[in-house]
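Written out below as structure tokens is the structure these notes cover.
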Amino acid sequence: MINTVRGTKDIIPAMVSDWHFVESVFRNTSKLYAYQELRTPIFEKTEVFSRSIGDDTDIVNKEMYTFKDKGDESITLRPEQTAALVRAVIQNGLDRESSNLRLYYIGPYFRYERPQKGRLRQFHQYGAESIGSPNPEADVEILLLANKVIKELGISDYKLLINTLGTENSRQNYKNALIEYLNQNKESLSEESQSRLQTNPLRVLDSKSEKDISIIEKAPVILDYLDEESANHFNTVTKLLDAVGVKYVIQPKLVRGLDYYCHTVFEFQSSVLGAQDSFGGGGRYDGLFAQLGGKPNPAVGFAMGIERILLILEAMKITHKEESECDVYVVCGNKELSIYANQIAEIFRNKGARVISDINRRSMKAQFKEANRLNARYSVIIADEEVSRNSVIVKNMASSEQQEIEISKLEEFEI
Ligand code: HAM
């Protein structure tokens, strides 16, 4: 037998209604904020990601599915959407059409990570990006949308952590102070953090290693290194969030795993997820358009992991499984009558009912058993005697009440 590749999962029919539910929340809520859907290819030229996410990030360094295609071009299965979305906006000139672009997406993404609960190699994200405004109002709109989605999903127990990475200038000043502090404690740092200190010092703040935690606790925080522009931006974001009643926790050590961020960064966390407790994250990325060859264009956005959201809903015992997949089961007395079965099934389908008609030529007893198993609300019985009078029997499966109805009147029958 051949199984799925490690870290990938089938979504079988029993799980699909929960996927449909979360996807409908994403689409409907995005519409409320006038975000439009964008779909891009699942693979891109490798440089779309290597030029934007950052050479010293785990994603680019260790996790990308990159291969040469038969034309010797380096191709990468998208590990995230933001960079590919910026590529698509530039290529299609979407940013020329309007000063503000509001886009959302739902789809599969690929990262070669060590699989565990909530961490897959093919996973799915819903995300939204607001392009064109440098103002804190855009950050807050994005946070309001994310927050509304989470509420509509039925998730109440979660935390929004926010921080700022400020302007390039603030970040550089902070980086210098952090490097100096970490260098003083270098010997006590874990091996991984010692190497990150050289390549991507901000990422040391993200370390979960026992050895690093007490050192990180005493590390300088970026909030003490903000220039006026950075402080104003961040203060306005928090003020606007307060005004609209969105709860958040300022987490001055929050840095994200991608290098394109500036100013506001944030994460949504849920305690039910265990080690992989972040089910969404995002921030502002004003430099990315220029980095990918477009004209500079400020932007901010977020993405949420759909599998992690489903884990939260499962832990909360929220499910949207349908109790029945079938409204009407057409039971056919013998195979000569099957021309009627199709005709009658179509009459009910045209009325919007979900109909199953036996295609296995089973006995009537077996067909009733199947109708019961599927929790059908009605069965329609096609048998010689009634057909000779141009009618069928409609049986209410819950009450067992049955009535003979002329085939020509079935259209009017209220189910
Ligand atoms: P990210 O934090 O890398 O950000 O991913 C966003 C979410 O995707 C995570 O919070 C998590 O729920 C989910 N996720 C990531 N990796 C995995 C995995 N291996 N298995 C399961 N779920 C996973 C981004 O991707 C940015 N593009 C977000 C963004 C949009 N920033 C600005 N705009």
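The values are calculated or read from the model by the stated rules, or taken from the named source; none is laboratory data. Keep in mind the model is a prediction, meaning the values are calculated, not measured. Positions of Cβ are backbone-derived with ideal geometry, glycine not excepted, and every protein chain shown enters the neighbour counts. We work out accessible area using only protein heavy atoms, side chains counted, and drop any ligands, DNA or RNA first. Shrake-Rupley method; radii C 1.70, N 1.55, O 1.52, S 1.80 Å.
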Number of Lys pairs (Cα under 30 Å; 8 or more positions apart or on different chains) in the range 1-102: 9
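May I ask you to list the GluC sites (Glu not before Pro) in the range 27-103 that are in a DSSP loop and have at most 16 other Cβ atoms within 10 Å of their Cβ? Don't skip to the answer; put the middle values down first.
Working: sites: Glu37, Glu44, Glu47, Glu63, Glu73, Glu80, Glu97; in loops: Glu73, Glu80.
Here the GluC sites (Glu not before Pro) that fit, given the DSSP loop and packing criteria, are Glu73.
For Lys117 and Leu32, what is the calculated FRET efficiency with R₀ set at 25 Å and r taken between the beta-carbons, to the nearest 0.05? It would help to have the intermediate numbers written out before the result.
Details: r = 32 Å, r/R0 = 1.28.
E(calc), rounded to 0.05, equals 0.20.
Which whole-number percent is the relative contact order of the chain (Cα, under 8 Å, 6+ apart)? Mind dumping the intermediate values first?
On the way: 704 pairs, mean separation 64.2, N = 415.
Across the chain, relative contact order equals 15 percent.
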Between the Cα axis of helix 338-350 and the main Cα principal axis of the chain, the angle (0 to 90°, nearest 10) is 50
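Taking only protein heavy atoms and a 1.4 Å probe, what accessible area per residue, in Å², does the chain have with all protein chains in place? Intermediate results must be reported in sequence, preceding the final value.
Details: 21220 Å² over 415 residues.
On a per-residue basis, the chain sits at 51 Å².
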Pull out a ≥ b ≥ c, the square roots of the eigenvalues of the alpha-carbon gyration tensor of the range 328-412, then state rounded if a/c is under 1.5, prolate if not and a/b is larger than b/c, and oblate in the remaining case. rounded
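Express the carbon and sulfur contribution to the solvent-accessible surface of the range 312-406 as a percent, rounded to the nearest whole number, probe 1.4 angstrom.
Numbers: 2600 of 5790 Å².
Looking at the range 312-406 in its full context, I get 45 percent from C and S.
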One finds the C-alpha centres of the range 338-415 and the range 98-149 to be spaced, in Å, by 47
Give me the one-decimal nm value for the distance between modelled label points at Ile393 and Lys295, 7 Å along each residue's Cα-to-Cβ direction. 7.5
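Taking loop as defined by DSSP and a crowding limit of 16 other beta carbons within 10 Å, which trypsin sites (Lys or Arg not before Pro) in the range 65-147 fit? Before the final figure, lay out each step's value.
On the way: sites: Lys68, Lys70, Arg87, Arg96, Arg102, Arg111, Lys117, Arg119, Arg121; in loops: Lys70, Arg111, Lys117, Arg121.
Sparse-neighbourhood loop trypsin sites (Lys or Arg not before Pro): Lys70, Lys117.
Sum up the lysine pairs in the range 328-412 that clear both bars: alpha-carbon distance under 20 Å and a spacing of 8 or more or different chains.
Working: Lys335/Lys365; Lys335/Lys369; Lys351/Lys395; Lys351/Lys409; Lys365/Lys395; Lys369/Lys395; Lys395/Lys409.
Total qualifying Lys-Lys pairs in the range 328-412 comes to 7.
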GluC sites (Glu not before Pro) within the range 228-330: which are DSSP loop residues with at most 10 other Cβ atoms inside 10 Å? Glu323
Taking the C-alpha atoms of the chain, convex hull volume expressed per residue in Å³: 208
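Could you give the dipole magnitude of the chain about its Cα centre, charging the beta-carbon of Lys and Arg +1 and that of Asp and Glu -1, in debye to the nearest 20?
Working: 52 positive and 60 negative charges, 132 e Å.
It comes to approximately 640 debye.
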If we sort 14-26, 192-204 on the protection proxy, mean other Cβ atoms within 10 Å, highest first, what's the order? 192-204, 14-26
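Using 0.36 nm times the number of residues separating Ser195 and Glu152, minus their current alpha carbon distance, what extension gain do you get? Could the numbers behind the result be given before it?
On the way: separation 43, 0.36 × 43 = 15.48 nm, distance 4.22 nm.
Once the chain is fully extended between Ser195 and Glu152, it gains 11.3 nm.
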So which lysines can Lys211 reach, going by Cα to Cα under 22 Å and dropping same-chain residues fewer than 8 places off? Lys175, Lys186, Lys253
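What length, rounded to one decimal in nm, is gained on full extension from Met364 through to Thr4, with 0.36 nm per residue of separation minus their alpha-carbon distance? Intermediate values should be presented prior to the final figure.
Working: separation 360, 0.36 × 360 = 129.60 nm, distance 3.90 nm.
Gain on extension, Met364 to Thr4, equals 125.7 nm.
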Check the straight Cα-Cα distances from Lys321 and name the aspartates and glutamates below 15 Å, setting aside those fewer than 8 residues away within the same chain. Asp18, Glu23
